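The values are calculated or read from the model by the stated rules, or taken from the named source; none is laboratory data. Computed from a prediction, not measured in an experiment: that's the story for all the values here. No Cβ is skipped: glycine too gets one built from the backbone with ideal geometry, and neighbour counts run over all protein chains shown.
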Amino acid sequence: MLVNFQHILPKAQREHYAVGLFNALNTEMARGVIGAAEALRSPVIVGTAEILLPYSPLECVCDALKFMAQRTDVPVVLHYDHGLTFDKCMEALKLGFTSLMYDCSTDPYEENVRKLAELTRIAHAFGATVEAELGHVGDNDSDEPVLEDPSAFYTDPVQAKEFVDKTHVDALAIAVGTAHGAYRFTPKLDFDRIVAIRQAIPDTPLVLHGGSGLSDDDFRRAIQCGIAKVNIFTDINVAGTRAIREAVQAEKCAMTDLMNLQVEAVKAETMKKMQLFGSQNKA
């Protein structure tokens, strides 16, 4: 069942659980993610990100994911994550993505507002929902320096309210101490800030980026504080890779063996995350 954010995130926020976004680059990953949702009767968000397009073109990913989403009886959001350009976001909308994240977080604040207000107006006309990022979530996989005071780039609750009022976005990714990719150091989340932002914009679901690598306790507490969507990629990518590596080392490396092993490994890791987020039996 193909849906957008409005069908799943407000309920998650009200009932204090979170729905996972699991990026899938091929049909094996997608089968694992959607299979996990079906097994646990969980809503799910599946998609790709602009940074991942060199590995799998947008139209190919969209066709495969949309086909699967339309044929399952659990709610599936088809999400284009971290769109970096207006043109690519428009391409995703025209292809049939039901949600997108337009990442203008490194732009000056007023430019971020202007760009998101424009795209949100267009996306809503398509029947799609929009996520924005305010503040700056770091990137462990880049050459960004480790900041002495990363809180200087955290999301400000007062500014978050102004931003949502001006842009009308459907969900907001907030910077509270996480980073994308595999962590080079132990993350320290600002839970009080999550609560303050939740109180400032009670009707806007909050999103946690850079979820892979956090402790289970961090996830549980963040969700109780107000997070309604969590982004996961590294964990399922590593799980699938590990399964393939072990099969190759055991000389069980026929292509058909590797494909099914990847599906099962991604499914198992996705189910772990869904149970941790509390989204099972919420479809």
Filter pass, residue 236 being surrounded by 14 or more Cβ atoms within 10 Å (Cβ to Cβ), assigned to a helix (DSSP H, G or I) and more than 24 Å from the chain's Cα centre (by Cα)
no
Search segment 262-280 for residues that are modelled with pLDDT of 95 or more and pair each with any residue that is among the hydroxyl-bearing types (Ser, Thr, Tyr) when their beta-carbon atoms are under 8 Å apart and the residues are at least 6 apart or on different chains.
274/42; 277/17; 278/17; 279/17; 279/42; 280/42
Could you say whether any residue in segment 199-218 is assigned to a helix (DSSP H, G or I), closer than 22 Å to residue 5 by Cβ and not polar (S, T, N, Q)?
yes
Anything in segment 239-269 that is in contact with a Leu (Cβ under 9 Å, 6 or more places away or on another chain) and either of a type in the set (Asp, Glu) or part of a helix (DSSP H, G or I) (or both)? List them, or say none.
240, 243, 244, 246, 247, 248
Looking at (1) of a type in the set (A, V, I, L, M, F, W, C); (2) farther than 19 Å from residue 24 by Cα; (3) surrounded by fewer than 21 Cβ atoms within 10 Å (Cβ to Cβ); (4) within 24 Å of the chain's Cα centre (by Cα), find the lone condition where residue 228 falls short.
(3)
Six or more apart or on different chains, Cβ under 7 Å: which pairs go from a residue in segment 8-20 that's in contact (Cβ under 8 Å) with a residue 24 or more places away in the chain to one that's basic (Lys, Arg)? Could you list them?
9/229; 17/282; 18/229; 19/229; 20/273
Kindly indicate the residue of segment 33-90 that is buried (at least 19 other Cβ atoms within 10 Å of the Cβ) and among the hydroxyl-bearing types (Ser, Thr, Tyr) and also nearest to residue 17 (Cα to Cα) among those meeting that condition.
42
